[in-house]
Amino acid sequence: MSIEVKNVTKKYGKQKALNNVSLTINTGEVVGFLGPNGAGKSTMMKIIAGYIPPTNGEVSIEGINLLDEKTDVRELIGYLPENNPLYLDMYVKEYLTFVAGVYKLPNIKQKVNNMIEKTGLTLEQNKKIGALSKGFRQRVGLAQALIHDPKVLILDEPTSGLDPNQIVEIRNLISEIGKEKTILLSTHIMQEVEAICDKIIIINHGEIIANDQAANIQTKIEKNQVITVEFNQDPNEKSLLKIKGVLKAKKVKTNHWIIEATNKKDIRQDIFDFAVANKLSVLSMQKKEKTLEEAFQELTKE
Ligand code: ADP
Ligand code: MG
């Protein structure tokens with residue numbers, strides 16, 4: 001099941017939460033949707049899940065326009081909303097039976113039992129949702145999103161508020177489920193996408209700023225390269241800045257410099273040539289590799 005979002009804009013009153021967003025998610029992909037708070041992730045997900053309409057633009061699931069045939073398409077989608085609102089006074093099994101009834105599924109009893117087993121809720125099935133830990137509530141949320149066996153899953157911050165063990169459990173569960181489904185998963189945790197996603201889409205201020213394979217995104221979004229250099233004696237800062245592409249040069253201690261340059265070409269050869277021309281020796285030189293996390297912060301910081 002593929003998801004196609006075309007030129008979607010969403011305004012809340014005067015505020016634009018999404019600005020002309022287009023994206024495609026192919027069948028079977030697990031896509032991480034990353035962005036700082038307020039970037040527009042939840043808004044985009046609510047629109048894809050058919051819970052709110054866009055102000056402009058279209059969404060289609062497997063070529064079927066969401067707005068044209070809303071009820072049919074919604075049956076193809078499982079949605080775990082942000083903060084996972086659940087009926088705390090209902091019992092786990094009772095709640096899942098209720099959800100299955102809303103979808104008018106056949107063999108409800110069997111479906112509910114399967115889902116309870118699949119999401120590891122066997123021991124909690126007769127407890128009130130309000131009595132469960134957050135990790136188990138999240139399993140109930142996943143179970144309700146999956147009960148009608150949708151091909152597309154929209155998971156809005158599925159691990160937020162969980163402790164580290166619960167996070168690992170839920171991630172494993174999602175990875176397991178992801179083998180058969182197309183998944184869009186939002187998070188602001190970088191390791192999360194590194195752990196489970198094939199592709200990453202980064203959104204900031206309602207606009208897509210990166211959309212690529214996890215492995216490519218890092219190099220693509222790095223704006224600058226950072227080199228640490230040790231000379232045998234300090235160069236003149238002004239002359240360092242004259243090297244083509246160098247943006248900043250900062251002395252950290254005697255003979256040690258951090259040089260930042262544009263990412264157009266590897267600047268190390270030029271630094272070496274600079275040293276020779278200025279009768280200096282380069283004692284060591286390292287290019288600092290940015291982590292995905294640092295690249296993300298650089299891209300989205302104000
Ligand atoms: P994210 O999920 O990335 O944190 P949201 O989609 O929740 O971002 O929010 C995007 C922007 O839209 C934010 O500035 C938020 O304050 C605003 N917003 C979200 N929902 C509403 C709403 N129902 N009414 C008004 N503004 C909203
Ligand atoms: Mg959100």
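Could you point to the residue in VAL5, ALA145, ILE61 farthest towards the positive end of segment 1-157's charge dipole, with +1 and -1 charges on the Cβ of Lys/Arg and Asp/Glu respectively?
Farthest towards the positive pole: ALA145.
How many angstrom separate the Cα center of segment 275-299 from the Cα center of segment 70-137?
Computed from Cα coordinates, the inter-centre distance equals 51 Å.
Per-residue ellipticity at 222 nm for the chain, helices alone: DSSP H runs ≥ 4 residues times -39500 (n - 2.57), over residue total, nearest 500 deg cm²/dmol?
Using -39500 (n - 2.57) per qualifying helix, the result is -9500 deg cm²/dmol.
Under 8 Å for C-alpha pairs, at least 6 residues apart: give me the relative contact order for segment 3-219, rounded to a whole percent.
Reported relative contact order: 30 percent.
Report, for the chain, the % of DSSP beta bridges that are antiparallel, rounded to 5.
If we restrict to bridges inside the chain, about 70 percent are antiparallel.
Give, rounded to the nearest 20 debye, the magnitude of the charge dipole that segment 1-131 has about its Cα centre when Lys and Arg contribute +1 at Cβ and Asp and Glu contribute -1 at Cβ.
Result for segment 1-131 is approximately 400 debye, rounded to the nearest 20.
Stretched out fully, how many nm does the piece from LYS238 to ASP163 gain, at 0.36 nm a residue minus the Cα gap?
So the extension gain works out to 22.0 nm.
Report the extension gain between TYR12 and ALA195 in nm, rounded to one decimal, defined as 0.36 nm multiplied by the number of residues separating them, less their alpha carbon distance.
62.5 nm
Which parts of segment 180-209 would a label at ASN56 reach, counting a residue when its backbone N lies under 17 Å from a point 7 Å out along Cα-to-Cβ?
Of the residues in segment 180-209, 206-208 have backbone N under 17 Å from the label point off ASN56.
Nothing charged except the Cβ atoms of Lys and Arg (+1) and of Asp and Glu (-1): what's the magnitude of the dipole of segment 223-300 about its Cα centre? Round to the nearest 20 debye.
Rounded to the nearest 20 debye, it is 240 debye.
If you take the alpha carbon radius of gyration of segment 1-134 and divide it by 2.2 N^0.38 Å, what ratio comes out, to two decimals?
Cα Rg divided by the expected 2.2 N^0.38 Å: 1.22.
Using bins 10 angstrom wide from zero, how does P(r) for segment 223-300 break down, in % of all Cα pairs?
19, 54, 22, 5, 0
Can you compute the modelled spin-label distance between GLN269 and ASP149, with each label point 7 Å from Cα toward Cβ, in nm?
Modelled inter-label distance: 5.9 nm.
Quick one: which of 73-84, 172-183, 226-237 comes out on top by average Cβ neighbours within 10 Å, and what's the full order, highest first?
Going from most to least packed, we get 73-84, 172-183, 226-237.
About its Cα centre, how strong a charge dipole does the chain have in debye, to the nearest 20, once Lys and Arg get +1 and Asp and Glu get -1 at the Cβ?
660
A short reminder: the numbers here are calculations on the coordinates, not readings from a lab. As the structure is a computational prediction, the values presented were derived from the model and not from experiment. Cβ atoms come from the backbone with ideal geometry, glycine included; neighbour counts cover every protein chain shown.
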